[in-house]
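Data first, discussion second: the structure below is written as structure tokens.
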Amino acid sequence: MAVKQGSLSINSENIFPIIKKWLYSDHDIFYRELISNGCDAITKLQKLEVMGEYAFPEGYRPRIDVVVNPEEKTITVSDNGIGMTFEEVDEYINQIAFSGARDFLEKYKDKTNEDQIIGHFGLGFYSAFMVSDRVTIETKSWKNDAPGVFWESEGGSEFRMEESGRTEPGTTITLYVNEDSLEFVNEYRAKEVLTKYCSFMPVEIFLKNANKPAEPEKAADEETEEKIIEIDENGQEILDADAGEEEKDEKPKEEPINDTNPLWNKAPVDCTEEEYKKFYRTVFNDYKEPLFWIHLNMDYPFRLKGILYFPKVTSDYEPLDGVIKLYNTQVFIADNIKEVIPEFLMLLKGVIDCPDLPLNVSRSALQNDGFVKKISDYITKKVADRLSGMCKTDKTNYEKYWDDIAPFIKYGYIRDEKFRDKIKDFMLYKNLEGKYLTLPECLEENKDVRANTVFYLSNEKEQGQYIQMFKEAGLDAVYLTHSIDSPFISCVEQSQEDLHFVSVDADLDDVFKEKVDENDEAFKADAEALTEVFRKALNDENMTVQVEKLKNESIAAMITKSEDAKRMEEMFKRYTSPDKDVDNSMGGYGQSLVLNANHPLVRYILANQEAEQAPMFCKQLYDLALLSHAPLSPSRMGEFVRRSQEILMLLTK
């Protein structure tokens with residue numbers, strides 16, 4: 001076979017600078033491209049064997065070997081797959097996907113900093129030139145009569161190819177790495193990249209450092225070391241059964257760096273709980289056990305497999321960034337392609353393997369891809385089905401997980417109408433007794449007091465006084481204490497007519513009050529007098545003061561805030577720095593001071609409203625009410641402490 005030389009049919013001298021620039025930020029991807037090609041070559045040979053056109057030699061084991069040589073500054077990637085003939089090398093390597101290169105240049109010549117598309121138009125092999133000055137290929141086709149082929153190119157524009165002496169089918173690619181990319185010749189860096197891209201490729205991958213010394217041989221004196229020989233009763237030497245095992249153990253066992261049969265490829269019934277947890281720990285380096293998981297398996301109308309894990313969230317302040325790893329036939333594509341996963345499920349951790357997506361997925365293409373939308377809808381449905389199924393058949397565990405999963409389930413309820421429709425009957429609300437109720441059950445609890453109303457608490461510590469009142473009155477309320485709950489309950493109200501959520505510290509319900517005769521002029525006069533004295537003492541003519549006869553006589557005064565005002569305040573908090581000193585103590589939209597006409601302190605102020613200490617008592621009573629409702633600002637707290645000491649001093653006179 002004659003030596004062939006020539007220029008690569010690139011159709012433009014600019015294609016290699018474009019390839020190099022395209023993946024500048026992640027040029028480690030060449031490892032994935034070359035190994036993926038090797039996997040394809042082995043898969044094709046296996047298909048030929050199944051078709052009866054090829055017979056594997058005895059002991060054949062499909063494999064890909066990666067050898068780094070720091071001294072020689074080379075990387076070799078070898079497979080024992082289908083190989084190539086002289087004509088195939090000329091066609092697939094020298095012509096670079098025919099006229100596709102021209103289309104490539106025209107389409108992308110002004111977009112060289114955008115999405116990765118290496119692998120499009122058959123350019124995957126040429127990713128090797130991103131890190132190499134020179135690349136060689138030695139290959140032998142599976143066809144018996146085809147000789148081996150050697151190909152080389154420097155710079156990616158000129159090539160030389162000739163017959164080689166290779167006798168076994170397969171391909172070996174050698175990269176002579178340039179000075180800027182020597183990190184990839186380092187064994188540990190190579191393993192890091194291979195773990196990132198190739199952990200689950202379907203063919204075993206082995207990594208070796210060519211410069212690592214072989215295991216030292218035993219010295220001659222060690223081999224002739226005196227040995228005690230035991231003789232049995234027949235005069236025969238007793239052989240040590242363990243000796244052979246030790247000798248076997250001395251040989252280092254060759255281990256692939258990848259798992260060729262990842263858990264997502266198995267049927268859920270064949271996977272144990274420990275296997276799911278181990279996979280989670282290994283893939284995500286997270287040693288907090290996941291709450292539960294969903295195993296995805298779909299063949300029509302598209303192929304998709306995967307596992308989604310619901311992680312345990314330990315606090316409101318813990319980062320909720322999930323990790324979704326996207327694969328194509330066990331080949332890693334990217335982390336967190338948001339277009340494939342519904343937005344509200346980006347808090348999850350998991351893997352998705354979809355062979356119908358292109359290997360080099362373009363994010364801009366995904367955004368406009370109807371197929372990707374179908375994948376997202378499928379995942380949404382599977383999550384909703386899993387949650388509803390758990391609620392129906394395993395309510396005990398569902399309740400146990402609810403507090404952890406509630407934030408992103410509620411987020412999904414807000415963001416996704418289809419998900420909302422599927423999950424609305426399976427949303428849970430924890431009541432004051434710690435029981436988990438559905439929305440209809442919540443409404444049933446208080447229907448005789450206020451129909452179509454759910455009372456809720458947003459801060460157990462600050463609303464303790466109100467919670468106690470509810471318990472004493474036999475009323476129920478539910479915990480809605482997460483930052484997502486304010487927009488969540490607004491969404492629930494919008495989707496269900498006549499339904500209202502009301503905070504426990506909103507306007508007092510009649511159940512807490514004694515009935516007062518509307519014609520009781522004396523009570524009206526007392527209420528007007530108390531209103532006037534408190535407004536004057538607190539220097540706030542617009543303060544809303546309500547005088548009521550509360551059934552709980554231990555409460556002198558309390559603060560209530562209308563539901564509308566409370567929600568506006570919550571919204572304000574979301575857009576205000578948590579370190580900002582907000583004074584919650586002076587009036588405010590929708591806020592009322594409720595005075596209990598049955599309490600001795602209130603009656604004392606009414607009877608002694610002209611006394612010198614009356615304004616001080618009014619201020620103290622107001623601050624006590626505020627303190628039961630929310631923390632005082634630092635400046636107001638200082639004034640409260642000073643005034644408390646002054647009141648105590650009165651007792652010494």
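The values are calculated or read from the model by the stated rules, or taken from the named source; none is laboratory data. All values reported here derive from a predicted model rather than from experimental measurement. Heads up, the Cβs are rebuilt from the backbone with ideal geometry, glycines too, and the neighbour counts pull from every protein chain shown. Calculation scope for accessible area: heavy atoms of the full protein, side chains included, ligands and nucleic acids excluded. Shrake-Rupley method; radii C 1.70, N 1.55, O 1.52, S 1.80 Å.
List of remarks:
- Residue check, residue 389 on the phi > 0 side of the Ramachandran plot and either basic (Lys, Arg) or open to solvent by less than 50 Å² (accessible area, probe 1.4 Å) (or both): no
- Of everything in the stretch 347-377 that is in contact with a Leu (Cβ under 7 Å, 6 or more places away or on another chain) and in a helix (DSSP H, G or I), the residue that is modelled with the highest pLDDT is 375.
- Qualifying positions in the stretch 506-537 - at pLDDT below 90, outside any loop (DSSP other than H, G, I, E, B) and surrounded by 18 or more Cβ atoms within 10 Å (Cβ to Cβ): 512
- Test: residue 163 is over 24 Å from residue 256 (Cβ atoms) and either touching a helix residue (DSSP H, G or I) at 6+ places or on another chain (Cβ under 8 Å) or buried (at least 21 other Cβ atoms within 10 Å of the Cβ) (or both): yes
- For the stretch 157-180, the set of residues classified as without any contact (Cβ under 8 Å) to a residue 40 or more places away in the chain and either in contact with a Phe, Trp or Tyr (Cβ under 8 Å, 6 or more places away or on another chain) or in a loop (DSSP other than H, G, I, E, B) (or both) consists of 164, 165, 166, 167, listed by residue number.
- For the stretch 477-498, a residue qualifies if it is among the charged types (D, E, K, R) and either farther than 14 Å from residue 439 by Cβ or touching a Lys or Arg at 6+ places or on another chain (Cβ under 9 Å) (or both), and exactly one does: 485.
- The stretch 143-156, residues that are surrounded by fewer than 21 Cβ atoms within 10 Å (Cβ to Cβ) and either part of a loop (DSSP other than H, G, I, E, B) or at pLDDT below 95 (or both): 143, 144, 145, 146, 147, 152, 154, 155
- Within the stretch 611-647, the residues that satisfy the criterion of being aliphatic (A, V, I, L, M) and more than 51 Å from the chain's Cα centre (by Cα) are 611, 614, 616, 647.
Residue-by-condition table, conditions (1) in contact with a Phe, Trp or Tyr (Cβ under 8 Å, 6 or more places away or on another chain); (2) modelled with pLDDT of 90 or more; (3) among the hydrophobic types (A, V, I, L, M, F, W, C):
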position	(1), (2), (3)
25	no, no, no
31	yes, yes, no
55	no, yes, yes
60	no, yes, no
69	no, yes, no
86	no, yes, yes
112	yes, no, no
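- The set of residues from the stretch 612-632 being of a type in the set (A, V, I, L, M, F, W, C) and open to solvent by 40 Å² or more (accessible area, probe 1.4 Å) comprises 617, 624, 627.
- If you go through the stretch 42-61 and pick out every residue that is farther than 22 Å from residue 77 by Cβ and in contact with a helix residue (DSSP H, G or I) (Cβ under 8 Å, 6 or more places away or on another chain), you end up with 2.
- Of all residues in the stretch 522-548, those satisfying the criterion of being acidic (Asp, Glu) and within 18 Å of residue 607 (Cβ to Cβ) are 526, 528, 532.
- Number of the exception - residue 239 against (1) open to solvent by less than 100 Å² (accessible area, probe 1.4 Å); (2) modelled with pLDDT under 85: (1)
- Residue in the stretch 372-381 that is surrounded by the most Cβ atoms within 10 Å (Cβ to Cβ), counting only those that are closer than 20 Å to residue 427 by Cβ and within 17 Å of the chain's Cα centre (by Cα): 379
- Filter result (part of a loop (DSSP other than H, G, I, E, B), open to solvent by less than 40 Å² (accessible area, probe 1.4 Å) and closer than 20 Å to residue 492 by Cα) within the stretch 422-463: 427, 428, 438, 446, 458
Residues checked against (1) touching a residue at least 12 places away in the same chain (Cβ under 8 Å); (2) over 29 Å from the mean Cα position of the chain (by Cα); (3) more than 20 Å from residue 565 (Cβ to Cβ):
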site: 425; (1), (2), (3): yes, no, yes
site: 444; (1), (2), (3): no, yes, yes
site: 482; (1), (2), (3): yes, no, yes
site: 485; (1), (2), (3): yes, no, no
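- Enumeration of residues in the stretch 304-333 that are modelled with pLDDT under 80 and either open to solvent by less than 10 Å² (accessible area, probe 1.4 Å) or among the hydrophobic types (A, V, I, L, M, F, W, C) (or both): 313, 320, 322
- Residue in the stretch 171-188 that is closer than 16 Å to residue 141 by Cβ and either among the acidic types (Asp, Glu) or touching a helix residue (DSSP H, G or I) at 6+ places or on another chain (Cβ under 7 Å) (or both) present: yes
- Residue in the stretch 560-568 that is surrounded by 17 or more Cβ atoms within 10 Å (Cβ to Cβ) and modelled with pLDDT of 85 or more present: yes
- For the stretch 448-476, the set of residues classified as among the small types (Gly, Ala, Ser) and touching a residue at least 40 places away in the same chain (Cβ under 8 Å) consists of 458, 464, 473, listed by residue number.
- Considering only residues in the stretch 178-193 that are touching a strand residue (DSSP E or B) at 6+ places or on another chain (Cβ under 6 Å) and open to solvent by less than 10 Å² (accessible area, probe 1.4 Å), the one that is nearest to residue 148 (Cα to Cα) turns out to be 185.
- When residue 119 is tested against (1) closer than 25 Å to residue 63 by Cβ; (2) modelled with pLDDT under 90; (3) not in a strand (DSSP E or B), exactly one condition is not met: (3).
- Residue match in the stretch 486-496 (condition: part of a loop (DSSP other than H, G, I, E, B) and open to solvent by 10 Å² or more (accessible area, probe 1.4 Å)): yes
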